[in-house]
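Beneath this line is the structure, given in structure tokens, with notes to follow.
The values are calculated or read from the model by the stated rules, or taken from the named source; none is laboratory data. Since this is a predicted model, take the numbers as computed values, not measurements. Note that each Cβ is placed from the backbone with ideal geometry, even for glycine, and that neighbours are counted across all protein chains shown. Accessible surface is based on the protein model in full, side chains and every heavy atom, while ligands, DNA and RNA are left aside. Shrake-Rupley method; radii C 1.70, N 1.55, O 1.52, S 1.80 Å.
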Amino acid sequence: EEYKLPLLSPEVATTLAALGEHVLAALLLLGLATRFSALGLLVMTLVIQVWVYPGAWPTHGTWAALLLYVIVYGPGKISLDHGFNRSKR
């Protein structure tokens, strides 16, 4: 009942959420596909905010702000993305 979404069954929504939370968070932690990972987590956060936990805006707002920062400014100097971009030059 908790993961009822308008377009997805709860089983699919739960599987996608668990996969996204683990894979995208791991990529973000490594700094690999950083902006893509942050964007995916931001979309997931917005979906959860709107349809699953509409009252959790303080937590989700913080997450959204941090994810937007990463999307705008990109990975840091110790990320894998930064290392790959340096090696291409």
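When Trp63 is tested against the conditions (1) in contact with a helix residue (DSSP H, G or I) (Cβ under 6 Å, 6 or more places away or on another chain); (2) free of Cβ contacts under 8 Å to residues at least 24 places away in the same chain; (3) farther than 19 Å from Leu19 by Cα, the lone failure is (3).
Apart from one condition, Leu67 fits all of (1) farther than 23 Å from Ala13 by Cβ; (2) in a helix (DSSP H, G or I); the exception is (1). Against the numbered list (1) more than 22 Å from Leu16 (Cβ to Cβ); (2) modelled with pLDDT of 95 or more, Arg86 comes up short only at (2). For the stretch 42-57: of the residues being open to solvent by 60 Å² or more (accessible area, probe 1.4 Å) and in a helix (DSSP H, G or I), which is farthest from Tyr3 (Cα to Cα)? By that ranking, first place goes to Trp57. Report, by residue number, each residue of the stretch 58-81 that is closer than 16 Å to Phe36 by Cα and exposed (fewer than 15 other Cβ atoms within 10 Å of the Cβ). Passing the criteria: Ala65, Leu66, Leu68, Tyr69, Val72, Tyr73, Gly76, Leu80. So, Leu30, is that one of a type in the set (A, V, I, L, M), without any contact (Cβ under 8 Å) to a residue 40 or more places away in the chain and surrounded by 13 or more Cβ atoms within 10 Å (Cβ to Cβ) or not? No.
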